[in-house]
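The values are calculated or read from the model by the stated rules, or taken from the named source; none is laboratory data. None of these values were measured; they are calculated from a predicted model. When we count neighbours, we look across all protein chains shown, and the Cβ atoms used for this are built from the backbone with ideal geometry, even at glycine.
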Amino acid sequence: MSEDPFATFDAAYVLGALAPEDRQRFEQHLRTCDRCAASVRELAGLPGLLARVDAPAVVPDAGAPPQDLLPTVLKRVRRGRRIRTAVTAVSAAVAVSACVALGVVAWTPPAPPPSTEMTALGQFPVRADARLAAFSWGTQVDMTCSYTGGRSGGEYILMAISRSGEETQLATWKAVPENTARLSIGTALRQSDLAALEVRLGNGLPLLRLTL
């Protein structure tokens, strides 16, 4: 990338020290160069800064200020520009850090939805609680099922019934007396599309129902 030939024109332009043809060329350049335009804006206060510099002692044959006066002032202005840039960057970093810290302090994981007891559809030695959670991929069903009968054995089925009446088998398990079965099932069915969950025997007899 070639060096910008107008990179050093900014201070002379602000101080009105450019020749008319150079001033015209630089003003045309400013229309397309954001960097030079920003530099001119930052040096806009330079004439006022120079006016505040104590005048040197006047000698009869010297009417001009010292030759190193302008470079010295420019150095101070550009140093101040770098400091402002650094302060701005640090301030932005501190603000971002504060936002992150606030997010860490303020955010707490959402409480899981409560479990709901399924309704018995007759006098059966089984009870169950179910909890549904919606996700982008579908629905998670967490269920506990207790068998209270005095004998072991028996197969149970968890069925999902959609609002269109379609039935989908989600899980099967064996009943164990005095024990609680805990199931966690994921299904692609969305919670808004589900009408009910049912616990059934292996022969299809419905025992418990949760209407959604």
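Only residues that are of a type in the set (S, T, N, Q) and either touching a Phe, Trp or Tyr at 6+ places or on another chain (Cβ under 8 Å) or not in a helix (DSSP H, G or I) (or both): list them for the range 2-31, please.
Answer for the range 2-31, where residues must be of a type in the set (S, T, N, Q) and either touching a Phe, Trp or Tyr at 6+ places or on another chain (Cβ under 8 Å) or not in a helix (DSSP H, G or I) (or both): SER2, THR8.
Quick one: how many residues across the range 156-206 are surrounded by 13 or more Cβ atoms within 10 Å (Cβ to Cβ) and under 22 Å from PRO114 (Cα atoms)?
22
Which number in (1) at pLDDT below 90; (2) in a loop (DSSP other than H, G, I, E, B); (3) not aliphatic (A, V, I, L, M) marks the one condition that SER164 misses?
SER164 satisfies all of (1) at pLDDT below 90; (2) in a loop (DSSP other than H, G, I, E, B); (3) not aliphatic (A, V, I, L, M) except (1).
For every residue, the table says whether it meets (1) surrounded by 12 or more Cβ atoms within 10 Å (Cβ to Cβ); (2) not hydrophobic (A, V, I, L, M, F, W, C).
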residue: ASP10; (1), (2): yes, yes
residue: VAL14; (1), (2): yes, no
residue: ASP22; (1), (2): yes, yes
residue: GLN28; (1), (2): no, yes
residue: ASP34; (1), (2): no, yes
residue: ALA37; (1), (2): yes, no
residue: GLU42; (1), (2): yes, yes
